[in-house]
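**Q** Sharing a structure here in structure tokens format.
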There are 6 protein chains.
Amino acid sequence: MSQTTTRYLAHLTWPEIAALDKEEGVVILPIGAVEQHGPHLPTLTDTLIVTHLLDVALARLPAEVRAWALPSLNYGKSNEHSGFPGTVSLSNATLNAVLHDIAGSVASAGFRRLALINGHGGNVAVLEAAARDIRAATGLLCFCIQPSFLVEPPFAISEQERRLGFHAGEVETSLILAIAPDLVHMERALAHYARFPDTGTPLFFFGPTMTAWLSRDWSESGVFGDATLGTAEKGSALIESAADRLATLLTAISRFELPARTKGS
Amino acid sequence: MSQTTTRYLAHLTWPEIAALDKEEGVVILPIGAVEQHGPHLPTLTDTLIVTHLLDVALARLPAEVRAWALPSLNYGKSNEHSGFPGTVSLSNATLNAVLHDIAGSVASAGFRRLALINGHGGNVAVLEAAARDIRAATGLLCFCIQPSFLVEPPFAISEQERRLGFHAGEVETSLILAIAPDLVHMERALAHYARFPDTGTPLFFFGPTMTAWLSRDWSESGVFGDATLGTAEKGSALIESAADRLATLLTAISRFELPARTKGS
Amino acid sequence: MSQTTTRYLAHLTWPEIAALDKEEGVVILPIGAVEQHGPHLPTLTDTLIVTHLLDVALARLPAEVRAWALPSLNYGKSNEHSGFPGTVSLSNATLNAVLHDIAGSVASAGFRRLALINGHGGNVAVLEAAARDIRAATGLLCFCIQPSFLVEPPFAISEQERRLGFHAGEVETSLILAIAPDLVHMERALAHYARFPDTGTPLFFFGPTMTAWLSRDWSESGVFGDATLGTAEKGSALIESAADRLATLLTAISRFELPARTKGS
Amino acid sequence: MSQTTTRYLAHLTWPEIAALDKEEGVVILPIGAVEQHGPHLPTLTDTLIVTHLLDVALARLPAEVRAWALPSLNYGKSNEHSGFPGTVSLSNATLNAVLHDIAGSVASAGFRRLALINGHGGNVAVLEAAARDIRAATGLLCFCIQPSFLVEPPFAISEQERRLGFHAGEVETSLILAIAPDLVHMERALAHYARFPDTGTPLFFFGPTMTAWLSRDWSESGVFGDATLGTAEKGSALIESAADRLATLLTAISRFELPARTKGS
Amino acid sequence: MSQTTTRYLAHLTWPEIAALDKEEGVVILPIGAVEQHGPHLPTLTDTLIVTHLLDVALARLPAEVRAWALPSLNYGKSNEHSGFPGTVSLSNATLNAVLHDIAGSVASAGFRRLALINGHGGNVAVLEAAARDIRAATGLLCFCIQPSFLVEPPFAISEQERRLGFHAGEVETSLILAIAPDLVHMERALAHYARFPDTGTPLFFFGPTMTAWLSRDWSESGVFGDATLGTAEKGSALIESAADRLATLLTAISRFELPARTKGS
Amino acid sequence: MSQTTTRYLAHLTWPEIAALDKEEGVVILPIGAVEQHGPHLPTLTDTLIVTHLLDVALARLPAEVRAWALPSLNYGKSNEHSGFPGTVSLSNATLNAVLHDIAGSVASAGFRRLALINGHGGNVAVLEAAARDIRAATGLLCFCIQPSFLVEPPFAISEQERRLGFHAGEVETSLILAIAPDLVHMERALAHYARFPDTGTPLFFFGPTMTAWLSRDWSESGVFGDATLGTAEKGSALIESAADRLATLLTAISRFELPARTKGS
């Protein structure tokens, strides 16, 4: 395979990058995290998931789709997991600075689209705000993809797990069992559902009326969900469907254009 | 009425504030925006909505609920509306700095809870990230409330409007018609639905796979939605239901406590 | 009254703002503070004064004067009053950032003049430095107005009060008695004159040889001056004369032009 | 003379500095500027004046007064003179950072008082704000001295010069003629009075209602005042009286203490 | 192999990291770059080299040596290669922020030593300054290792190449031929020696009297050196000797202790 | 001597600076430090050395060499000497900001070359990174000169002193004895060689495998080296040779030009 057709931008030489047709095409930045994931999962969990998912999706892209992944940003904003040794967190300001520096370099190379693909919930708000600022500052069309929300789990999942299993629970445990089983300690897997007070209102961890939470406020183990339900099979099935979805998205993004401005509808 | 029972914190003297029982109770910071809202609505729209809604909700709180509003932050992050004269925007970093400074002052006064109530979509991501950082930095329990998502409109609304009417459309026009009718120019109201490309994917303006947008990319007038559908009646009905919901929320938040940490469920 | 002739910029729509003739005219940003004002005045005192004074002055402007007020910045730099619950302070860097962001938005809308009207002594130095930087960075003609120094009190005032009554004393108490009497607790008003050491030099709280002071260094109550001398009559008289002065100033500023550069005199 | 009795702190060794009795005493930071001063004065003018004046004052201090000068900060905030080659300006943020870093070091050495003595008008507002912040952040008693305002010129000076001769005019030219006559080119001295519009209001370059100015807005030569009136005699007389005043001030400051807090007067 | 004995810190769970004996031991952060490396090498070159070298060295460490690698920081400060598409650079401030955030997290986990191992010349000065600041701010013993200077090339190398072959020349080309031969395009390899002027002084690109350079100032291709001399054999030999040296270093660092403070020698 | 031919840029007026032929020529910024130098040397040592050395070198420059020194930056980054009273340190960020502000002013005046001449080891890395950033940001050719590495001591020096005598030892003591003998207390001079552990590797205080050190980690007195060996004769000899070298360097730098870009060699 010619290097020029690689999906990994940094595997190219600079003249190859200069010569790319950039009218179509998207540069992709995978962003992970290094943070506690309970007593059974590695702290690298989020980075492992996002980079693996992207690798699978890239391999499925039709040859004519123009999409190139940047090296991963292995660290994210994880201060909600501070207090657990092994969590390594960038601040909001630092993560913003990194994103702006990378985006500025991408724009100056002549690319027109940048997709941020994110493996960690704690990065979501930062990326959304940064994406808009990147669009305004550089002119890049900028996209945010949160793969954890891409697809419904293709297996039965309890309502409790769906609602409260958002960190190191059934889904993430399954994914790492599929991606890096040697790094999982199922013998230490446990279940913990945070006792969010029933206030009779939509107040919750997430959503339009949310409470800002630290994991140590709610879970001694760092687990939110039932990790014992994780299986490699569930993980593989989820990767399969999410990677398909991601490939479709990257295809769409790579050709995305703004409409001509028009009045009314 | 005794000043001590006012809902407006800055109407109190410092010894009154020092004497407040702060074990329960929430300090509320309303955050608006000054930005283009089409040819028919004032640029102050978001600030008008959030402060009015808060005023109505505060008036409905039972006397025993401990909740005090700070003076509004009248400016937000509005760079998605740059290019339209009259838009006044704080940067991401500036808005974060303001929120951290205010939260630090609230914490140093001995309060335990801070609720950010937000009138502008462009502030959402910034507030979410800031709320978590405020919790980590100050120990405050910190809450984000986005009133625009609080309730379903208590009137029939088209699917197109629900999806694409997110700025200066039927809902916001109705609200300002109810709150400040003299500031609305219905004769200039128009309808514009942004032509978001049909990509066959969940890619959209918002959500887990989003494109970062500037309003000028998609709407010459700055309107997203059908402003001609706005009526004061719809606005009043919406305020009525949203204020009820908000009052319930503030009540819940004012008494919110973390659980003792426990293993498993 | 046509909206286009309102004095409140954010009451206009963006096309109205775009259409304003900006060759003449001044945009006005009122800046207050939320900080302790002794046991008898609300912490909102400075914001109340500056916005009220501006409202009165705007109402007196001849119709042909082009002047538009922005929504108030309700918070200022008040760290000299830290340690008193209820003081909410922006840092020097934060306040600068806010002013630069707002000024940048004003300049990008095509306006030529920006007046900062300030209700709080602790903001003065910050605004002076920022105004110069705004002029250099944006090209705006930028003006600073400190209304507390605008006019001589139109009533007899003791030398001691004139010198040491600079915070929550006779003048500020009178003003709030005139503006928002329900928020004043005259029964708790007291007199305190800070015992500034007599050094036989011009060293003082203010002026060219000044000591940087925190209010808690000098006053247990937070009062500097004799609050018991405050009356609504004095307040009204002061507002009357200050608003006239302010209206004259805004008129002059709205037409202010730089001279052509010339050698010698 | 023993080194321990030197007035120049950085001439001491660290154990000598550690051994100083710091209960009384003041550390002094002279701050100048490098900026255009017309066609006849060196750009170093402000630094030359402030360091010379301080040297003379220090030499006059009684032996028992505890006062130690730091090395000068030769650069200030001079962006009002941008556009004239030779102006070297620190930004507001940079100058603040330098002052905070130096003050932090002074406080950590155990000193209790810091006096900022300033030779440049463009630094005044920055220093005032910084001094307050230094007091709040470090606990140092912090003082600002603007020598240009210390004394009345001990010679006849016209009203026009007093009002409009604030940069490179009679006073500054006289001072440099006294301090560094070889650096003055009296053959190029000229007079320029800025044509500030007569607005019938107190609006002016300085004071409570001021316009933010750049020197290039108002003077092609960079001169504000009548430089041709400068003489070494005037300069020497001014230094004489200002140094006396400064010595008196430093003496007072070196012993300055806060009062115990007391109620009322 | 037990996960606890892995050399990759983020492969551990948080309780495993909490349980590590940290009295001895070093956490290692590999730092690379994404930047032009001529027409024949991938832009990922520096990251490939540093992570590969570290992997080899870690595999050679005796079991009793306590050393754990963090996930790589794939981006560095590369603005000296700006202007070549594909260069992605963090600013000085951003890279400092990232390093401080990571170091703070490492220190808060209870580790005592942090080693920065760097694959890119443009990072050297930033890391040196940051390492000292990290030591001062966190108490960590902090080390900087520049592998490119670790060993003499174990093969004959010309004086010209040694002096001027510092980027994409014989050494780096050999290393990538050994590490990732598929990413090298030897058919495009070329030789370029920058024509540094002969000034008869020690002035050079590097060293105590250096000129700050951008690669585009000196090389159209981005190559500095003779890439045609690169061979996989040379690369393997260099990796062999450098990894040995690195393993020895990491062993020494993992046990490094400060002396008790003593007077004299 | 005509002022225009002075070597001190700030002794010129702005029109003189505007009129300088800047095609050739270098502006020089001397940067020192205020920090502990043991019990026998003043904290001003580094600033004294660099400014004196520069003065001597400037006096030796041929008249046709175009070189102008800026006023010294008397403070540097000295946090490695924190904990010793009298150390006054700028942070990394602050020093960078100062350098960028000064460089920006130099570039805007039309100069083409800036040389940073540095008297303090703790500044080296900061200046190297800043110099590159200045070149990239301003277009200035920017040079870093570390005089302490300029020449071999022209007198016998022990291997131990050469290696471990890097602060307040034989060399620096000799230099201050030559420059400012009144400020040296030879009766308190002492010898201390830090006991750097013998790790059998090239790990050291400096160099490609370095440990970040604080002086208090290694020396109670702050001395690194044998100060008792210092003599004014050694200092004078060193100044003599270093100043010659510096003059040669400044001459070369003042004429330094980039080559036209060329392919290959």
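**Q** Would you pick out the residues in the stretch B:35-59 that are without any contact (Cβ under 8 Å) to a residue 60 or more places away in the chain and buried (at least 24 other Cβ atoms within 10 Å of the Cβ)?
**A** B:T43
**Q** Being outside any loop (DSSP other than H, G, I, E, B), modelled with pLDDT of 95 or more, under 16 Å from C:A33 (Cβ atoms) and touching a helix residue (DSSP H, G or I) at 6+ places or on another chain (Cβ under 7 Å) narrows it down to one of C:A136, C:A130, so name that one.
**A** The conditions single out C:A130.
**Q** Still on this structure: Go over the candidates C:G235, C:G225 one by one and state the one that is within 30 Å of B:P15 (Cβ to Cβ), outside any loop (DSSP other than H, G, I, E, B) and more than 11 Å from chain D (Cβ to nearest Cβ).
**A** C:G235
**Q** Still on this structure: Sort through A:L203, A:L249, A:L190, A:L258 and tell me the only one that's within 7 Å of chain B (Cβ to nearest Cβ), within 27 Å of B:P147 (Cα to Cα) and of a type outside the set (S, T, Y).
**A** On the way: A:L249 fails: within 27 Å of B:P147 (Cα to Cα); A:L190 fails: within 27 Å of B:P147 (Cα to Cα); A:L258 fails: within 27 Å of B:P147 (Cα to Cα).
Matching residue, one of A:L203, A:L249, A:L190, A:L258: A:L203.
**Q** Within the stretch F:60-69, identify whether any single residue is surrounded by 20 or more Cβ atoms within 10 Å (Cβ to Cβ), part of a loop (DSSP other than H, G, I, E, B), over 13 Å from the mean Cα position of the chain (by Cα) and among the β-branched types (V, I, T), and answer yes or no.
**A** no
**Q** Checking the condition of a type in the set (V, I, T), at pLDDT 95 or above, closer than 30 Å to A:L229 by Cβ and touching a helix residue (DSSP H, G or I) at 6+ places or on another chain (Cβ under 9 Å), which residue from A:V26, A:V56 passes?
**A** On the way: A:V26 fails: closer than 30 Å to A:L229 by Cβ.
Residue meeting the stated conditions: A:V56.
**Q** OK, next. Say we look at the stretch D:174-188 and pick out the residues that are in contact with a Pro (Cβ under 8 Å, 6 or more places away or on another chain) and assigned to a helix (DSSP H, G or I); which of these is surrounded by the most Cβ atoms within 10 Å (Cβ to Cβ)?
**A** By that ranking, first place goes to D:I176.
**Q** Whether any residue in the stretch A:189-207 is of a type in the set (F, W, Y), more than 17 Å from the chain's Cα centre (by Cα), closer than 20 Å to A:I239 by Cα and part of a loop (DSSP other than H, G, I, E, B) is what I want to check.
**A** Within the stretch A:189-207, none of the residues are of a type in the set (F, W, Y), more than 17 Å from the chain's Cα centre (by Cα), closer than 20 Å to A:I239 by Cα and part of a loop (DSSP other than H, G, I, E, B).
**Q** When D:G139 is evaluated against the numbered criteria (1) at the interface with another protein chain (Cβ under 7 Å from one of its Cβ atoms); (2) farther than 22 Å from D:D55 by Cα, which criterion, by number, is the only one it fails?
**A** Evaluating D:G139 over (1) at the interface with another protein chain (Cβ under 7 Å from one of its Cβ atoms); (2) farther than 22 Å from D:D55 by Cα leaves (1) as the failure.
**Q** If I go through the stretch A:149-173 residue by residue, how many of them are buried (at least 21 other Cβ atoms within 10 Å of the Cβ) and not β-branched (V, I, T)? Quick ask: steps written out before the conclusion?
**A** Filtering the stretch A:149-173 down to residues buried (at least 21 other Cβ atoms within 10 Å of the Cβ) leaves A:150, A:164-165, A:167-173.
If we keep only those that are not β-branched (V, I, T) too, we end up with A:150, A:164-165, A:167-170, A:172.
Of the residues in the stretch A:149-173, 8 are buried (at least 21 other Cβ atoms within 10 Å of the Cβ) and not β-branched (V, I, T).
**Q** So, one more: Is it the case that some residue within the stretch E:132-154 is at positive phi, among the small types (G, A, S) and in contact with a strand residue (DSSP E or B) (Cβ under 9 Å, 6 or more places away or on another chain)?
**A** Taking the stretch E:132-154 and keeping what is at positive phi, we get E:139.
Those still in the list that are among the small types (G, A, S) too: E:139.
Then keep just the ones that are in contact with a strand residue (DSSP E or B) (Cβ under 9 Å, 6 or more places away or on another chain); that gives none.
Looking through the stretch E:132-154, none of the residues is at positive phi, among the small types (G, A, S) and in contact with a strand residue (DSSP E or B) (Cβ under 9 Å, 6 or more places away or on another chain).
**Q** Within the stretch A:150-179, track down each residue that is within 10 Å of chain B (Cβ to nearest Cβ) and either small (G, A, S) or within 25 Å of A:R216 (Cβ to Cβ) (or both). Can you show your working first?
**A** Going through the stretch A:150-179, the residues within 10 Å of chain B (Cβ to nearest Cβ) turn out to be A:150-151, A:160, A:164.
The answer is A:Q160, A:L164.
**Q** Within the stretch D:76-93, can you find the residues that are of a type in the set (S, T, Y) and assigned to a loop (DSSP other than H, G, I, E, B)?
**A** Filtering the stretch D:76-93 down to residues of a type in the set (S, T, Y) leaves D:78, D:82, D:87, D:89, D:91.
Hits for the stretch D:76-93 are D:S78, D:S82, D:T87, D:S91.
**Q** Return the residues of the stretch F:165-185 that are more than 17 Å from D:L12 (Cβ to Cβ) and out of contact with any Ser or Thr (no Cβ under 9 Å at 6 or more places or on another chain); say none if nothing qualifies.
**A** Scanning the stretch F:165-185 gives a single hit, F:G169.
**Q** Do the conditions hold for B:A19, that is, is it farther than 25 Å from C:L48 by Cβ and surrounded by fewer than 24 Cβ atoms within 10 Å (Cβ to Cβ)?
**A** On the way: farther than 25 Å from C:L48 by Cβ: no; surrounded by fewer than 24 Cβ atoms within 10 Å (Cβ to Cβ): yes.
Against the criterion (farther than 25 Å from C:L48 by Cβ and surrounded by fewer than 24 Cβ atoms within 10 Å (Cβ to Cβ)), B:A19 does not qualify.
**Q** Scan the stretch B:76-93 for residues that are closer than 16 Å to C:L70 by Cβ, facing chain C (nearest Cβ under 7 Å) and hydroxyl-bearing (S, T, Y) and jot them down.
**A** B:T87, B:S89
**Q** Report every pair of residues separated by at least 6 positions or lying on different chains whose Cβ atoms are under 6 Å apart, first residue within the stretch C:206-217 and more than 7 Å from every other protein chain (Cβ to nearest Cβ), second assigned to a helix (DSSP H, G or I).
**A** C:S215/C:E80; C:S215/C:H81
**Q** Please go through the stretch E:30-43 and pick out each residue that is within 13 Å of the chain's Cα centre (by Cα) and aliphatic (A, V, I, L, M).
**A** Of the stretch E:30-43, the ones within 13 Å of the chain's Cα centre (by Cα) are E:30-34.
Passing the criteria: E:I31, E:A33, E:V34.
**Q** Being in a loop (DSSP other than H, G, I, E, B), out of contact with any Pro (no Cβ under 9 Å at 6 or more places or on another chain) and over 26 Å from A:N96 (Cβ atoms) is the filter here; which residues of the stretch A:17-59 pass it?
**A** A:D21, A:E23, A:E24, A:H40, A:P42, listed by residue number.
**Q** Ok, one more. From the list E:D182, E:D133, which residue is acidic (D, E) and either farther than 27 Å from F:L127 by Cα or away from chain F (no Cβ under 14 Å) (or both)? Steps first, answer last, please.
**A** Values: E:D133 fails: either farther than 27 Å from F:L127 by Cα or away from chain F (no Cβ under 14 Å) (or both).
After applying the criteria, what remains is E:D182.
**Q** Does the stretch E:188-241 hold any residues that are more than 30 Å from F:A130 (Cβ to Cβ) and hydrophobic (A, V, I, L, M, F, W, C), and which are they? Break it down stepwise before answering.
**A** Filtering the stretch E:188-241 for residues more than 30 Å from F:A130 (Cβ to Cβ) gives E:188-191, E:226-241.
The answer is E:A189, E:L190, E:A191, E:A227, E:L229, E:A232, E:A237, E:L238, E:I239.
**Q** Here's a follow-up. Contact list please: Cβ distance under 8 Å, first residue in the stretch B:242-259 and touching a residue at least 40 places away in the same chain (Cβ under 8 Å), second residue basic (K, R), pairs at least six apart or on different chains.
**A** From residues that are touching a residue at least 40 places away in the same chain (Cβ under 8 Å), the pairs are B:A243/B:R60; B:D244/B:R60; B:A247/B:R60; B:I253/B:R113; B:S254/B:R66; B:S254/B:R113; B:F256/B:R113.
**Q** Among F:N123, F:N96, which is the only one that is farther than 24 Å from D:T87 by Cα, more than 8 Å from chain D (Cβ to nearest Cβ), of a type in the set (S, T, N, Q) and not in a loop (DSSP other than H, G, I, E, B)?
**A** Details: F:N96 fails: farther than 24 Å from D:T87 by Cα.
Going through F:N123, F:N96 in turn, the sole match is F:N123.
**Q** Among the listed residues F:G86, F:G76, F:G110, identify the single one that is buried (at least 24 other Cβ atoms within 10 Å of the Cβ), more than 18 Å from the chain's Cα centre (by Cα) and in contact (Cβ under 8 Å) with a residue 40 or more places away in the chain.
**A** On the way: F:G76 fails: more than 18 Å from the chain's Cα centre (by Cα); F:G110 fails: buried (at least 24 other Cβ atoms within 10 Å of the Cβ).
Residue meeting the stated conditions: F:G86.
**Q** Taking F:I17 as meeting all but one of (1) at the interface with another protein chain (Cβ under 7 Å from one of its Cβ atoms); (2) free of Cβ contacts under 8 Å to residues at least 60 places away in the same chain; (3) among the β-branched types (V, I, T), write down the number of the exception.
**A** Among (1) at the interface with another protein chain (Cβ under 7 Å from one of its Cβ atoms); (2) free of Cβ contacts under 8 Å to residues at least 60 places away in the same chain; (3) among the β-branched types (V, I, T), the lone unmet condition for F:I17 is (2).
The values are calculated or read from the model by the stated rules, or taken from the named source; none is laboratory data. No experiment lies behind these values; they were computed from the predicted model shown. Using ideal geometry, Cβ is built from the backbone for each residue, glycine included, and neighbour counts are taken over all protein chains shown.
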